[in-house]
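What follows is a short report on a single structure.
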Amino acid sequence: YNGQLAVISLDGSNKTYEIHNKPIKSISYIKQFVEDAKHKDLLVTSSLDQNLCYVAVDDTDSSCLYTLRGHTETVTCCAVSPSTEQIVSGSWDTHLKVWSTSLTDPCDSEQRSKRKKNAASQSALVRTPLLTLGGHTQGITGVCWKDNSQLITSSSDMSVKIWDTQLMSCGRTITVNSSLQCVDWSDKSQLIVTGSSDKYIRLFDPRGSSGTIVHSTLQGHDMWVSCVKWSPTSEVELMSGSYDGRSLLWDIRSPKSYLAIISTHEDKVLCCDWKNGRVISGGSDSSFTCLIFSWSSILY
């Protein structure tokens, strides 16, 4: 909410960096690179300030390399392509924008030349989108890559859309009866998962002709489902977070009940993820949980 990027180590230490002048809505990791013999991590953040920042972070400092400018409303979500060559962002302005992650651009030299003439200018270089796509009638709430050319979005207009960046068009629309808050795609199960304001998690198979719900709707949260994330190692396991303050673990073969409550927050859960055998969640109570979790402790 304060516009800061927090880098938290597993030993509990953390560093914060001033990135945006308004709350950050999403963050996505790009890759690591080496500059001046130092390892740096590249990240992208989106914000209520209508911009994204392409950020380099090391052990001691951070710098915004590029400001990605083009949206006219809050940038609600962002994601990095599997190849790490592109970023996609979604906004309350109803548009998707695709950006390059390249650290060199023909326009950079011109911008740097102008800045040399104005020694007082220290702001990041500005980058414009490679592509803009429109089709939603209300704000985009979630976005993920299906592969390096296809995107999936969720929206408060009660729809999921599948986009093709090469054809520059929407190839499929799936409608539901509730405002959607988040979306994720599984390469393993080939299923889309969404979370919505009616408290339910829904699964879709885009290979079907009708886009009908797969299995049953997952029921377990008491308020809006704010985030969903497939396990990177299983086709049936996923994690969800909600405004009810809980993050839950699921096996989609048992849709009527979650497997475990993995963490509880004193306020809304805003994000969740999996990383190296750990499950992670963050909430509006300013807390962050990262737990080593064994499915065998539940299933056996």
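Data overview
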read-out: From 96, 68, 52, residue being closer than 20 Å to residue 146 by Cβ, in contact with a Leu (Cβ under 8 Å, 6 or more places away or on another chain) and either open to solvent by less than 10 Å² (accessible area, probe 1.4 Å) or modelled with pLDDT of 95 or more (or both); value: 96
read-out: Segment 1-45, subset at pLDDT 85 or above and among the basic types (Lys, Arg), residue least open to solvent (accessible area, probe 1.4 Å); value: 40
read-out: Meets criteria (out of contact with any strand residue (DSSP E or B) (no Cβ under 7 Å at 6 or more places or on another chain) and modelled with pLDDT under 95) for residue 61; value: yes
read-out: From the options 205, 184, residue that is closer than 25 Å to residue 86 by Cα and either crowded, with 22+ Cβ neighbours inside 10 Å or in contact with a strand residue (DSSP E or B) (Cβ under 9 Å, 6 or more places away or on another chain) (or both); value: 184
read-out: In segment 181-196, the residues that are more than 19 Å from residue 234 (Cβ to Cβ) and free of Cβ contacts under 8 Å to residues at least 40 places away in the same chain; value: 196
read-out: The listed residue being under 16 Å from the mean Cα position of the chain (by Cα), under 30 Å from residue 9 (Cβ atoms) and either surrounded by fewer than 18 Cβ atoms within 10 Å (Cβ to Cβ) or at pLDDT below 90 (or both), out of 280, 261; value: 280
read-out: Sole exception among (1) at pLDDT 90 or above; (2) of a type in the set (Ser, Thr, Tyr); (3) open to solvent by 10 Å² or more (accessible area, probe 1.4 Å) for residue 212, by number; value: (1)
read-out: Of all residues making up segment 21-41, the number that are of a type outside the set (Ser, Thr, Tyr), closer than 27 Å to residue 181 by Cβ and within 17 Å of the chain's Cα centre (by Cα); value: 5
read-out: Options 197, 189, 169, 226: the member that is hydroxyl-bearing (Ser, Thr, Tyr), surrounded by fewer than 22 Cβ atoms within 10 Å (Cβ to Cβ), closer than 30 Å to residue 287 by Cβ and in contact with a Phe, Trp or Tyr (Cβ under 9 Å, 6 or more places away or on another chain); value: 197
read-out: Strands (runs of 3 or more DSSP E) contained in segment 138-251 and holding at least 3 residues more than 17 Å from the chain's Cα centre (by Cα) and within 18 Å of residue 271 (Cα to Cα); value: 246-251
read-out: Close pairs from segment 118-134: first under 23 Å from residue 172 (Cβ atoms), partner modelled with pLDDT of 90 or more and loosely packed, with under 11 Cβ neighbours inside 10 Å, Cβ under 9 Å, at least 6 apart; value: 133/169
read-out: Residue match in segment 251-270 (condition: among the hydrophobic types (A, V, I, L, M, F, W, C) and touching a His at 6+ places or on another chain (Cβ under 9 Å)); value: yes
read-out: Search result, residues across segment 75-93 that are surrounded by fewer than 18 Cβ atoms within 10 Å (Cβ to Cβ) and either out of contact with any strand residue (DSSP E or B) (no Cβ under 9 Å at 6 or more places or on another chain) or touching a residue at least 60 places away in the same chain (Cβ under 8 Å) (or both); value: 82, 83, 85
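The values are calculated or read from the model by the stated rules, or taken from the named source; none is laboratory data. All of these numbers come straight from a predicted model, not from anything done at the bench. As a convention, Cβ positions derive from the backbone with ideal geometry for all residues, glycine included, and neighbour counts pool all protein chains shown. Just so you know, the surface numbers come from the protein's heavy atoms only, side chains and all, with ligands and any DNA or RNA stripped out. Shrake-Rupley method; radii C 1.70, N 1.55, O 1.52, S 1.80 Å.
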